[in-house]
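The block underneath contains the structure these notes are about, expressed in structure tokens.
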Amino acid sequence: MTAADWPDWKDYAVAIIASGPSAKKAGVERLKGRMPVLAIKGNIELAPFADVVYGCDFPWWRSVDGLPRFKGLKLAYDPRAVDQHGCRKVEIPDKKSDRLLFDKIGTVGAGGNSGFQALNLAAQWGATGILLIGFDMHDRAGKHWYGRNTAYQTSNPDEDNFRRWRAAFDNAAPDLAARGIDVVNASPSSDLKVFRRLSVDETLAEWGLA
């Protein structure tokens, strides 16, 4: 698979929607028609206009029957989602690695979570601005905006998970900055402190997309 087989987001500002409780109140509808959007798993419900859906694990794809009505790009790590639901394969060569990878498009660092992997993909695809939505990294208001994972067989994050996730993003920040990628965190209550904090509307205005 060549670079031409992946999205070309060179010089684009893009958004990644994760499932922290803040995502539901962020105003993601304002993104429609303004920037490419990558939704992580169930966040496609908040942004049905998303261009890409990424779900690392097979149980979620099975629970939504592979999103048969979604016409955008579907990505997964689990080969069963590729075989059974037509997803494109994302490679994670080392599940213990918490570093961004850039040698081969579609091969990413693990970071312990889909949000980190999605960030790695967006950076590989050439995005120069990345807006993080729902990256709360704590469970004070609940683990996800939709509640606990109960509809499919996967775990819910605990503080050990959040600690690893935050550290992975902290370590990634200098690499992203060195590549000229402006990362903004739209969660007002996020425990992820390494990126500057702006709302969706503030970010759209600053990036000239309002």
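The values are calculated or read from the model by the stated rules, or taken from the named source; none is laboratory data. Here the structure is a predicted model, which means the values were calculated and not measured. Note: ideal-geometry Cβ built from the backbone for every residue, glycine included; neighbour counts use all protein chains shown.
Condition check: at positive phi and under 18 Å from the mean Cα position of the chain (by Cα). Does residue 74 satisfy that? Walk me through how you get there before you give the answer.
Values: at positive phi: no; under 18 Å from the mean Cα position of the chain (by Cα): yes.
No; evaluated as a whole, the condition is false for this residue.
Condition check: over 12 Å from the mean Cα position of the chain (by Cα), touching a residue at least 24 places away in the same chain (Cβ under 8 Å) and over 18 Å from residue 108 (Cα atoms). Does residue 6 satisfy that? So that I can check it myself, show each step before the final result.
On the way: over 12 Å from the mean Cα position of the chain (by Cα): yes; touching a residue at least 24 places away in the same chain (Cβ under 8 Å): yes; over 18 Å from residue 108 (Cα atoms): no.
Considered against the rule, which asks whether it is over 12 Å from the mean Cα position of the chain (by Cα), touching a residue at least 24 places away in the same chain (Cβ under 8 Å) and over 18 Å from residue 108 (Cα atoms), residue 6 comes out as no.
Looking only at the range 2-28, count how many residues are in a loop (DSSP other than H, G, I, E, B) and either at negative phi or in contact with a His (Cβ under 9 Å, 6 or more places away or on another chain) (or both). Lay out the reasoning, then the answer.
If we filter the range 2-28 for residues that are in a loop (DSSP other than H, G, I, E, B), which is where we start, we get 2, 6-12, 18-20, 26-27.
Then drop every residue that is not either at negative phi or in contact with a His (Cβ under 9 Å, 6 or more places away or on another chain) (or both), which leaves 2, 6-10, 12, 18-20, 26.
Final tally of qualifying residues: 11.
Being of a type in the set (A, V, I, L, M, F, W, C) and assigned to a loop (DSSP other than H, G, I, E, B) is the filter; apply it to the range 182-210 and report the residue that is farthest from residue 129 (Cα to Cα). Outline the logic, then answer.
Start the filter on the range 182-210 by keeping residues that are of a type in the set (A, V, I, L, M, F, W, C), which leaves 183-184, 186, 192, 194-195, 198, 200, 204-205, 207, 209-210.
Remaining after also requiring assigned to a loop (DSSP other than H, G, I, E, B): 186, 192, 194-195, 198, 207, 209-210.
On the way: 186: 13, 192: 17, 194: 15, 195: 12, 198: 13, 207: 8, 209: 12, 210: 15 Å.
The residue in question is 192.
If you scan the range 1-51, which residues turn out to be hydroxyl-bearing (Ser, Thr, Tyr) and modelled with pLDDT under 95? Give the steps one after another, and end with the answer.
Looking only at the range 1-51, we keep the residues that are hydroxyl-bearing (Ser, Thr, Tyr), and these are 2, 12, 19, 22.
Matches in the range 1-51: 2, 19, 22.
Check the range 169-177 and report whether any residue there is of a type in the set (D, E, K, R) and modelled with pLDDT of 95 or more.
For the range 169-177, residues of a type in the set (D, E, K, R) and modelled with pLDDT of 95 or more: present.
Residue-by-condition table, conditions (1) buried (at least 23 other Cβ atoms within 10 Å of the Cβ); (2) in contact with a helix residue (DSSP H, G or I) (Cβ under 8 Å, 6 or more places away or on another chain); (3) in contact (Cβ under 8 Å) with a residue 60 or more places away in the chain:
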{"site": "16", "(1), (2), (3)": "yes, yes, yes"}
{"site": "29", "(1), (2), (3)": "no, no, no"}
{"site": "32", "(1), (2), (3)": "no, no, no"}
{"site": "45", "(1), (2), (3)": "no, no, yes"}
{"site": "48", "(1), (2), (3)": "no, no, no"}
{"site": "75", "(1), (2), (3)": "yes, yes, no"}
{"site": "85", "(1), (2), (3)": "no, yes, no"}
{"site": "97", "(1), (2), (3)": "no, no, no"}
{"site": "105", "(1), (2), (3)": "no, yes, yes"}
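Out of all the residues in the range 107-127, which are within 18 Å of residue 4 (Cβ to Cβ), in contact (Cβ under 8 Å) with a residue 60 or more places away in the chain and in contact with an Asp or Glu (Cβ under 9 Å, 6 or more places away or on another chain)?
125, 126, 127
Within the range 72-85, is even one residue modelled with pLDDT under 95, over 24 Å from residue 11 (Cα atoms) and not aliphatic (A, V, I, L, M)?
There is no residue in the range 72-85 that is modelled with pLDDT under 95, over 24 Å from residue 11 (Cα atoms) and not aliphatic (A, V, I, L, M).
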